[in-house]
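**Student:** This is the structure, below, for whatever I ask next.
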Amino acid sequence: MTAVANRRAFLAGTGGLTIGLTLPLGGARAQAMSAPLQPNAFVRVGTDGLVTVIHKHVEFGQGPATGVTTIIADEMDAAWDQMRIAFAPANDPLYKNLAFGTMGVGGSSAIRESWMQMRMAGAAARAMLVEAAAKRWGVPASAVSVANGVVSSGKRKAGFGELAADAAVLPVPQNPTLKTPDKFVYIGKTFAKVDSKPKTDGSALFTQDVRLPGMVHAAVRRPPAFGATVKKVEAGAAKAIPGVIDVKPIPSGVAVYARDTWAAQRGAAALEVDWDLSKAETRSSAQMFAEYSAAARTPGRQVEASGDAAAALAAAARKIDATFYFPFLAHGPMETMDYVIAKKGEGIAVHAGSQFQVGEMRAICGVAGVPFEKSELIQHYAGGSFGRRATPVMFDGTEAAACARAYGFAAPVKVVASRENDLTGGYYRPMTVHRVQAGLDGAGSIAGWDQVIVAKSIMKGTPFEAMGIKDGVDGNMVEGANDTSQYKIGNFRLGQHLMDTKVPVLWWRSVGHTHTAFVKETVIDELLTMAGQDPVDGRLALLKHERAAGVLRKAAEISGFGKRAVKKGRALGVAVHESFDSYVAQVAEVSVGADGLPKVHKVWCAVDCGIAVNPDIIRAQMEGGIGYGLGHALYGEITLGEGGQVQETNFDKYRSLRIGEMPDVEVAIIDSQEKPTGVGEPGVPPIAPAVANAWRKLTGKAVRRLPFAHGDNS
Amino acid sequence: MTTSFQLNGKPAAFDGDPETPLLWVLRDHLGLTGTKYGCGVAQCGACTVHLDGKNRRSCVTPVGMVAGKAVTTIEGVAGKTAEAVKAAWVAIDVPQCGFCQSGQVMSAIGLLTAKPRPSDTDIDNAMAGNICRCATYVRIRQAIKDAAGVKGARA
Ligand code: FES
Ligand code: FES
């Protein structure tokens, strides 16, 4: 099972079961777009017996391509090695995310939103193959069975390929019978991912790898501060660089076109640009933190309240009053944002790893000045996202469109962002400040909890505003802290301040939970210590959700939390958090490293994400989430210096977790019959507080500011 | 100006500025795109190739420096160690987004060629220059050990 199937194979589809690979590309594309049989827009069965899954989501490492293939192969009773995968074109009627109404994925929703849709698609295809066999053999459908890609009745047998032509003319069943879970053959089992081999031998095609005849390479010189614009360009030095072809102003800066990426990047660096800073964000991070923490001392817009937190806190026997500081964070996907755009008839062909395919194509076509309907998205593997690609109007895509247009579409234009542009270009996890006042009553129970969150809204001013901001409250900012989320606390108040800055912000792997889980889990840990209670038993007594308690018990059990001696100089810290409808608890074993930062030796992780579609992918996502969360908790910080200039320009300053810093990870998956939920993000939120809680045990110091490397200057 | 070298066992040439990094010669001129750009400043390892059999960051290697030498990329790397590493990688599904992995695989092959039975510290040192933003490190370590046939957990 390898690679993305030949595009011709998938474009040959017309919806329903589609046979043959002979249609010319253009016509086939049109047919695919107008396919009336939507339930089967996801399955193609060729006469060669190959089953191609048309995957509607971007694949950047969380494994949905394998997950969706697993579901369809299971409902079809296909053989695993006859399965192929192809990426869907930009087409909302066929391929929209059912939860969003447009193509795209986020919030760890790939499997959650498409679980039933993919099962139906697979089951319908199976039913049609069965019906075709029954007709051919003159037996009732009930006498036909399917196993491992073979359709049979008594001694008669046929492969999918032999039946595909007959099946294609049958009506598509609208309500095919789905399997009962005890009949699953792939779901819940671990086996090879569909893309491991091409991603190991270098043959997987990413947008960065696209090469078209006559293609030129563009690099963009962007402004030194957010919101700055070009006043004057002196391009002589850039044009003198061998290989540089041309220089053009574009709305986001100045584009340099060259015969290779290196000449383009050198050209961009050699431009002498006079910038207009009059409308730019010129505050430093330090200034913004000061303003945010001042705001945190006022109540803000009320998000929710129960009981009377103020009165309870006034009467509390013991109290914590803490302010927490979280910096801007870049996603830093391994592949920087990149696009190849070429003229194609009256439209354009866009090569990309797009997360919101239709929205992004519309925005790109808008800037390019060509009709969306005449244009084509050619989707490729994407080298990571972590939220970086999670916006329909992505600055990088429209910038690439501007580059292609400014060049007059005279040649295909490839724009690969430099790592410097990637890290300094914004779309950060918002800088965030929390203030929490919490206290215990005389009996050691939690008397009250008052929390204020201060940040720039991700959704304000975007197409998601109506969905994400209700009564002035930004759901992303407070998720994980609201709904008195996960603990029974009688007197509770949560407030919010929305701040303004020109720094573009965006979802970052687990979004609001990146900070709300840290605050909730470190404060509860401190309160339990104050009350002389065990961190696990104390949480169990307060948790509202049984599934949260379940993962906490499991993580405690596999780590031996409180039940075994820990090596000298080490301590265990625990955290539990619900996000994206999944529950995760983690225990971290930590010591003080040679550099004075936490050294994390091992992490025990328990996850409840409903039915485990592919347990090994779940384990891999927990490992990856822990590594990603830990790396940023230790080192991650984007800093605006004097004048608003970003200081971290490459991976030397924006430090990444490296192999020697990666803890061993042991994952336990809770056995569940609940609907499957996300795993791409929920592994992230608990790790930072688990480490911080161990750190407090080791050093006596509560952690109020991330990353650890920033030092304790809160 | 023409620079000639051996590329995956065959003669190759680049006509242009000898200061051009090998990475861009491979990717933009010779069409070998398995070697990736991740940082351009020797911080991430995505561009790792073998120069005369040793690990080398192609993003900071001027093509002029490889004149007359042998360059091996992910597309051409072969032999027992290479096959063992690639098989181990696929067997435990190391890749997530996959973008760093050709560099990881090249570094791992370089490590095992120099040290067929590496310790955990050897692995940490040899692989420290290869960032994986997806943090597939647990599996990278395991796959290297599987390929080398060494067992044992970390202390
Ligand atoms: S691209 Fe060469 S080390 Fe990053
Ligand atoms: S697999 Fe994504 S960066 Fe390594």
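The values are calculated or read from the model by the stated rules, or taken from the named source; none is laboratory data. Small disclaimer: the values here were computed from a predicted structure and weren't measured. Here the Cβ positions follow ideal geometry from the backbone for every residue, glycine too, while neighbour counts run over all protein chains shown. Each accessible area value is taken on the protein alone, full model and side chains, heavy atoms only, with ligands, DNA and RNA left out. Shrake-Rupley method; radii C 1.70, N 1.55, O 1.52, S 1.80 Å.
**Student:** Cα centroid distance between the stretch A:40-80 and the stretch A:337-401, in Å?
**Tutor:** About 24 Å separates the Cα centre of the stretch A:40-80 from the one of the stretch A:337-401.
**Student:** How large a share of the accessible area of the protein assembly as shown, in percent, is made up of carbon and sulfur atoms when the probe is 1.4 Å and the other protein chains stay in place?
**Tutor:** Result for the protein assembly as shown: 53 percent of the exposed heavy-atom area is carbon or sulfur.
**Student:** Could you tell me the accessible area of residue A:346 in Å² (1.4 Å probe, neighbours in place), rounded to the nearest ten?
**Tutor:** Rounded to the nearest 10, the figure is 120 Å².
**Student:** Applying the Karplus parametrisation 6.51 cos²θ - 1.76 cosθ + 1.60 with θ = phi - 60° to the phi angles of the stretch A:243-251, what ³J(HN,Hα) value in whole Hz is obtained for each residue in order, glycine and proline being reported as x?
**Tutor:** So the J values, rounded to whole Hz, are x, 6, 9, 7, 9, 9, x, 10, x.
**Student:** Another question, then. Considering protein heavy atoms only and a 1.4 Å probe radius, which residues within the stretch B:89-104 exhibit an accessible-area decrease of no less than 40 Å² in the full assembly relative to the chain by itself?
**Tutor:** B:90, B:93, B:95, B:96, B:97, B:99
**Student:** List the lysines whose alpha-carbon lies under 18 Å from that of residue A:414, not counting same-chain residues fewer than 8 positions away?
**Tutor:** In chain and number order, the partners are A:248, A:343, A:344, B:36.
**Student:** Now for a different question. Of all DSSP beta bridges in the stretch A:23-199, what percent run antiparallel (nearest 5)?
**Tutor:** 65 percent
**Student:** Here's another thing I want to ask about it. If you restrict to DSSP beta bridges whose two residues both lie in the protein assembly as shown, what percentage is antiparallel, to the nearest 5?
**Tutor:** Here the antiparallel bridges make up roughly 75 percent for the protein assembly as shown.
**Student:** Which far-off residues, 5 or more places away or on another chain, put their amide H under 5 Å from the one on residue A:276, with H placed in the peptide plane?
**Tutor:** For residue A:276, the qualifying residues are A:229, A:230, A:231.
**Student:** While we're looking at this one, here's another question. Over chain A, what portion of Cα pair distances is larger than 52 Å, expressed as a whole percent?
**Tutor:** Of all Cα-Cα pairs in chain A, 15 percent lie more than 52 Å apart.
**Student:** What does the charge dipole of the stretch B:2-72 about its Cα centre add up to, to the nearest 20 debye, if the Cβ of each Lys and Arg holds +1 and the Cβ of each Asp and Glu holds -1?
**Tutor:** Charge dipole of the stretch B:2-72: 300 debye, to the nearest 20.
**Student:** Heavy-atom accessible area per residue, chain A, 1.4 Å probe: how many Å²?
**Tutor:** 34 Å²
**Student:** In terms of Cα to Cα distance under 23 Å, which lysines are near enough to residue A:697, apart from those fewer than 8 places away along the same chain?
**Tutor:** Leaving aside lysines fewer than 8 places away in the same chain, those within reach of residue A:697 are A:319, A:520, A:554, A:563, A:567, A:568, A:599, A:602.
**Student:** Right, here's the next one. Normalising by the residue count of chain A, find the relative contact order in percent from Cα pairs under 8 Å and 6+ residues apart.
**Tutor:** 14 percent
**Student:** So, one more: Specify whether the C-alpha gyration tensor of the stretch B:80-148 places it in the rounded, prolate or oblate class, a ≥ b ≥ c being the square roots of the eigenvalues: rounded for a/c under 1.5, otherwise prolate if a/b is larger than b/c and oblate if not.
**Tutor:** Oblate, because a/c is 1.5 or more while a/b does not exceed b/c.
**Student:** Same structure again: Using helices alone, what [θ] at 222 nm do you get for chain B, with -39,500 (n - 2.57) per DSSP H run of 4 or more residues, divided over all residues and rounded to the nearest 500?
**Tutor:** Only helices count here, giving -9000 deg cm²/dmol.
**Student:** How far apart, in nanometres, would the label points at residue A:155 and residue A:470 be if each is projected 7 angstrom from Cα along the Cα-to-Cβ direction?
**Tutor:** The two pseudo-label positions are separated by 6.5 nm.
**Student:** Okay, next question. Which trypsin sites (Lys or Arg not before Pro) in the stretch A:564-647 pass both tests, a DSSP loop state and at most 15 other beta-carbon atoms within 10 Å?
**Tutor:** Within the stretch A:564-647, the qualifying trypsin sites (Lys or Arg not before Pro) (loop, at most 15 other Cβ atoms within 10 Å) are A:564, A:567, A:568.
**Student:** Helix-derived [θ] at 222 nm for chain A: sum -39500 (n - 2.57) over DSSP H runs of at least 4, divide by residue count, nearest 500?
**Tutor:** Taking each H run of at least 4 residues, the total per residue is -9000 deg cm²/dmol.
**Student:** List the accessible area buried at the contact between A and B, summed over both sides and calculated with a 1.4 Å probe, in Å² to the nearest 100.
**Tutor:** Answer for the A-B pair: about 4900 Å² buried.
**Student:** I've got another one for you. Where Rh is the Kirkwood radius over the Cα pairs of the stretch B:2-72, the temperature 37 °C and the viscosity 0.692 mPa s, what D in µm²/s does Stokes-Einstein return?
**Tutor:** It comes out at roughly 281 µm²/s.
**Student:** What is the average number of partner chain Cβ atoms found within 10 Å of a Cβ in A:589-599?
**Tutor:** For peptide A:589-599, the averaged partner shielding equals 0.
**Student:** Next question. Principal axis lengths of chain B from Cα atoms, whole Å, largest first?
**Tutor:** Between the extreme Cα coordinates on each principal axis of chain B lie 53, 28, 23 Å.
**Student:** Name the residues of the stretch B:30-54 whose accessible area, probed at 1.4 Å, falls by at least 50 Å² once all protein chains are in place instead of their chain on its own?
**Tutor:** Residues passing the criterion (a loss of at least 50 Å², heavy atoms only) are B:37, B:43.
**Student:** So which helices of chain A fit the span-like rule, where a helix is a whole DSSP H run, its Cα atoms reach 27 Å or more along the axis, and its mean Kyte-Doolittle is at least -1.0?
**Tutor:** Qualifying helices: A:110-137, A:615-635.
**Student:** Going out from 0 in 5 Å bins, what whole percent of all Cα-Cα distances in the stretch A:23-199 drops into each bin?
**Tutor:** Here the calculated profile for the stretch A:23-199 is 1, 8, 17, 21, 21, 16, 10, 4, 2, 0.
**Student:** What does the average come to when, for each residue of peptide B:136-143, you count the partner chain Cβ atoms lying within 10 Å of its Cβ?
**Tutor:** Average per residue, whole number: 6.
**Student:** Enter the Cα centre distance for the pair the stretch A:467-521 and the stretch A:232-262, rounded to the nearest angstrom.
**Tutor:** 43 Å
**Student:** Something else now. Would you count, across the stretch A:23-199, every pair of lysines whose alpha carbons are under 16 angstrom apart, provided the pair is eight or more residues apart or spans two chains?
**Tutor:** 4
**Student:** Within straight cross-link reach of residue B:145, meaning Cα distance under 17 Å, which lysines are found once same-chain residues fewer than 8 apart are removed?
**Tutor:** B:80, B:86, B:115
**Student:** Find, among the trypsin sites (Lys or Arg not before Pro) in the stretch A:124-158, those assigned to loop by DSSP (not H, G, I, E, B) with at most 12 other beta-carbon atoms within 10 angstrom.
**Tutor:** A:155
**Student:** On to the next question. How far is the Cα center of the stretch B:80-149 from the Cα center of the stretch A:632-695, in Å?
**Tutor:** For the stretch B:80-149 versus the stretch A:632-695, the Cα centre distance is 22 Å.
**Student:** I've got another one for you. Between the chain alone and the structure with every protein chain in place, find the residues of the stretch A:155-201 that drop at least 30 Å² of accessible area; heavy atoms, 1.4 Å probe.
**Tutor:** So the qualifying set is A:193, A:196, A:199, A:200, A:201.
**Student:** So, for the stretch B:2-72, what is the accessible surface per residue at a probe of 1.4 Å, expressed in square angstrom?
**Tutor:** I get 35 Å² per residue for this part.
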